[in-house]
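Everything on this sheet refers to the single structure shown next.
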Amino acid sequence: MHPRTGLLILFLMLIFSLPAQCTQPEIQLTETREGNNLTVLADIADPNGLASATLYILEKKSGDVVWTEQRILQGSKVSVSFRWPWRTWRISNGTHLIEPALVVKTIDPSAEEAPYLVYSAPCLLNISPGWPPIATTAYFDEEGQFHSLRDLSGNEFYKSRELLRAVSPETSYGRYVQDNISLSVGRSSLRFLLLNQDTGLNPFPALVLERSPIQHYTLTLEGRTASPGPYIVGIEASSAAGNKAAKFFELPL
Amino acid sequence: MEFQVRLFLLLAVLLILCEFGSCRYYQVTEGDTGWTTGVRQSSNISLDISGSAIGEGTFYRYTETDFNDVRMRERIAAAHDTLDTAERIRLIADTTNPWEYTIEKFSGGQNYRITVNESWPVAMFARRSIDYLGKGISDQDIFGNNLDYVGASYSFAKDLKMDRSCLLYLNKAWFELGMNDSTKAIYTDQFLPTKSIDYQLNSRFQGLASFKYRQAEGHTMTKERHTTTSEGLETYAGKFQLNRHIFMASLNRGYLNNDDDWLVCCPTKPSLEERIFAVSYHAS
């Protein structure tokens, strides 16, 4: 193993295990690769019970997280399988794009909203230039179409007409836009986030919402084939008591 | 003798004036040469339209406005899909000012000058935005102001985002005919409206688009007889960002510039009504 890789893995282990107490989840990893699909099987155990497990794929050269996925766990010994399709996420507003964006699969959306909230991307909303940013999450469907924008309290700044039709079929979209959407076309913008091992969370340049809400502001999430690598794969596990442990390995080319 | 020639010329000039309600129009024609101002008409009117539409479905729009040759025309047809549009149209036209018509004879010959000074101002502002994504939209608009025009059209556009505004202003119009009553030759023929067009377009599209404009020096015989001072036509096919700002103006011309000359020539300037009466009197 290259010394730099070793240092990187050590650094990541330190970072992700800072809150750990004396008892930490135990992690055993097994990887299999078929073509461009990487499957990581994690056997995780903690006598205090498990809370969640998160997969991180980091580009070794830049330290950027290109893929992440989180699972909610129950029980004290769990086998969980993650799959990375060798892809990264990029987000476009129709004229500009940013990548690799921090995007996760949405955990536990309600049944009627689930088809429209498949992926979620944390971002900073600027309703108008000069206004203070608001921490929000943008939601996309399986095809990458933008359907919702909510802040941490659940206040919704935007809802697509498809989502509105699903949750409130009797409401006219025109009326909804007039009464509920405070985003301003050509002025409001979103800054999506990049997670980097060295610098942490960094906002990308702002993507201005240039089109109408009925066109989903033409904000799209797109999966793109990742570069050949090399990459570092890591699993972070959290116990029900809040303890964390992480295990990383370098993915051979 | 001079009186007879003058009488003959006056008889040859046909003047039509009509008023009903707030609408007024006139036409001055010189019968021997065929020179005419064309029908000029306007109304005392104000119009204010605003609104928006957002939704999914088909969309058609027809708009036609014409006040004293200050014109707007829009034709839109959109196939079934998503559309967001908003607009504002404001128009004010005023015909309370009189229009003035004069005939003067230059001494020592058979040269005559006929002038018409019209002060029926029209101001129109139209702003529209449209955001369409779908199978196809056709969107055409053209704005005209007394021989000048600016317009854009989009055809078979699957993606169209456009913000367009246009301010048209007509302050006054000046017609002038200089002719020799013996030879029937026209030595000057001018139509000089004081006017402006301020057109602004920001658009993004995928499809076909064209943009055109013309600024003209006009003659009054027919609208086709004009001299183009600037003209442009652009056509695009594909995916483009098309932004344009055009301001064209014809200012400080017409009656005010000729005012002093006119006063030197004819210190006693009869009112419009007296002129009309005079024509009727001689005709009978």
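The values are calculated or read from the model by the stated rules, or taken from the named source; none is laboratory data. Bear in mind the structure is a predicted one, so any value in this text is a computation, not a measurement. Every residue, glycine as well, gets a Cβ built from its backbone with ideal geometry; the counts of neighbours run over all protein chains shown. Please note that ligands, DNA and RNA were not included when accessible areas were found on the heavy atoms of the full protein model with its side chains. Shrake-Rupley method; radii C 1.70, N 1.55, O 1.52, S 1.80 Å.
Laid out as a table, the results:
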{"read-out": "Interface size B-A, as summed buried accessible area [1.4 Å probe, Å², nearest 100]", "value": "1000"}
{"read-out": "Residue-normalised accessible area of region A:87-225, given per residue in Å² at a 1.4 Å probe", "value": "45"}
{"read-out": "Accessible surface of B:THR183 - all protein chains present, 1.4 Å probe, nearest 10 Å²", "value": "90"}
{"read-out": "Anchor A:LYS61: lysines whose Cα lies under 29 Å away (excluding residues fewer than 8 positions away in-chain)", "value": "A:LYS105, A:LYS244, A:LYS247"}
{"read-out": "Chain-alone versus full-assembly comparison, region B:47-61, residues with accessible loss of at least 50 Å² (1.4 Å probe)", "value": "B:ILE54"}
{"read-out": "Occluded residues from region B:131-175, i.e. those whose accessible area drops by 20 Å² or more once the chain is not alone (1.4 Å probe)", "value": "B:ASP131, B:LEU133, B:LYS161"}
{"read-out": "Probe 1.4 Å - accessible area at B:PHE125, Å² to nearest ten", "value": "70"}
{"read-out": "Shape metrics for region A:87-225, restricted to C-alpha atoms - Rg then Dmax, Å", "value": "14.3, 49"}
{"read-out": "Of all accessible heavy-atom area on region A:87-225, the percent that carbon and sulfur account for (1.4 Å)", "value": "50"}
{"read-out": "Full-stretch length increase - A:ALA135, A:SER182 - with 0.36 nm per residue and alpha-carbon distance subtracted", "value": "15.4 nm"}
{"read-out": "Å² of accessible area per residue within region B:44-277, as computed with a 1.4 Å probe and no ligands counted", "value": "46"}
{"read-out": "Overall form of chain A per C-alpha gyration tensor (a/c, 1.5; a/b vs b/c)", "value": "prolate"}
{"read-out": "Calculated FRET value between A:THR32 and B:ARG127, using beta carbons and R₀ = 56 Å, to 0.05", "value": "0.40"}
{"read-out": "Ranking by accessible area, most exposed first, for A:VAL177, A:VAL233 with a 1.4 Å probe", "value": "A:VAL177, A:VAL233"}
{"read-out": "Average Cα contact separation per residue, chain A, under 8 Å, 6 or more apart, as relative contact order %", "value": "26"}
{"read-out": "Complex-versus-alone comparison for region A:197-212, residues with a loss of 10 Å² or more in accessible area, probe 1.4 Å", "value": "A:GLU210, A:ARG211, A:SER212"}
{"read-out": "Accessible-area ranking of B:ASP81, B:ASP181, largest first, probe 1.4 Å", "value": "B:ASP81, B:ASP181"}
{"read-out": "Bins of 10 Å, starting at 0 and running to the largest distance - Cα pair percent for region B:44-277", "value": "7, 27, 27, 18, 11, 7, 2, 0"}
{"read-out": "Probe 1.4 Å, all protein chains present, accessible-area order of A:TRP89, B:TRP120, largest first", "value": "A:TRP89, B:TRP120"}
{"read-out": "Within chain A, percent of DSSP bridges classed antiparallel, to nearest 5", "value": "100"}
